[in-house]
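Engineer: Attaching a single structure in structure tokens format; questions to follow.
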Amino acid sequence: QEQLLETGGGFAQAGESLRLSCSTSARIFRDSTMGWFRQAPGKRRELVATITSGGIRSYSNSVQGRFTISRDAAKNTVSLQMDNLKPEDTAVYLCNSREHCVQYWGQGIQVTVSS
């Protein structure tokens, strides 16, 4: 079974930074668009950021200018640098890979931001 393994996350105060990483197999990573989603309690899962295999990035309006997504082909890893965190960023963050109609999800990792 293919796996996406998320690391990082945890607790931060408003204005601080955290970094998430997601590693997977070379077979998945090579041609997939990698992304991060998040889901807060009682809310729908929402897209945070994506990066294509060619390095094209996109962000949700809520994180634009504060979060940076990147990918490292040597490590088959996608990372999300989260700066200037806000309490409303509190959620479970999930790594996602998508290639055509095939996608995989990580287990999710908690990020909690206090005011």
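Engineer: Multiply the residue gap between R27 and R98 by 0.36 nm, knock off their C-alpha separation, and tell me the result in nm, one decimal place.
Structural biologist: 24.4 nm is the gain from fully extending R27 to R98.
Engineer: Same structure, new question: Given that compact globular proteins tend to follow 2.2 N^0.38 Å, what is the ratio of the alpha-carbon Rg of region 1-69 to that value?
Structural biologist: For region 1-69, the normalised Cα radius of gyration comes out at 1.21.
Engineer: Using only alpha carbon positions, build the gyration tensor of the chain, then give the equivalent ellipsoid semi-axes as the square roots of 5 times its eigenvalues, largest first, whole angstrom.
Structural biologist: Sorted largest first and rounded, they come to 23, 14, 13 Å.
Engineer: While we're on this one: Provide the FRET efficiency to the nearest 0.05 for the K75-Q110 pair, computing r from the beta carbons and using R0 = 25 Å.
Structural biologist: Given R0 = 25 Å and the Cβ-Cβ separation, E is 0.60.
Engineer: Over the chain, what is the relative contact order in percent, taking alpha-carbon pairs closer than 8 angstrom and at least six residues apart?
Structural biologist: Taking the mean separation of contacting Cα pairs over the length of the chain, I get 37 percent.
Engineer: Right, something else. For region 63-115, with every protein chain kept in place, what is the accessible area per residue (1.4 Å probe, Å²)?
Structural biologist: Value for region 63-115: 51 Å² per residue.
Engineer: A further question on this structure: Label A14 and S60 with points 7 Å out from Cα along Cα→Cβ: what is the distance between them in nm?
Structural biologist: 1.9 nm
Engineer: Still on this model: Given the DSSP H assignment, sum -39500 (n - 2.57) over each helix run of at least 4 residues in the chain and divide by its residue total; what's the result at 222 nm in deg cm²/dmol, nearest 500?
Structural biologist: -1000 deg cm²/dmol
Engineer: Let me ask something else. Using unit Cβ charges (K, R positive; D, E negative) and no other charged atoms, how large, in debye to the nearest 20, is the dipole of the chain about its Cα centre?
Structural biologist: 140 debye
Engineer: Pairs of Cα atoms under 8 Å, at least six residues apart: use those to get the relative contact order of region 39-90, whole percent.
Structural biologist: 25 percent
Engineer: What FRET efficiency, computed as 1/(1 + (r/R0)^6) with R0 = 25 Å and r the Cβ-Cβ distance, is obtained for N84 and T52, rounded to the nearest 0.05?
Structural biologist: 0.50
The values are calculated or read from the model by the stated rules, or taken from the named source; none is laboratory data. Given the structure is predicted, the values throughout are model-derived calculations rather than measurements. Because the Cβ atoms are built from the backbone with ideal geometry, glycine has one as well, and the counts that use them run over all protein chains shown. For the accessible areas, the whole protein counts, side chains as well, though only heavy atoms, and no ligand, DNA or RNA atoms are used. Shrake-Rupley method; radii C 1.70, N 1.55, O 1.52, S 1.80 Å.
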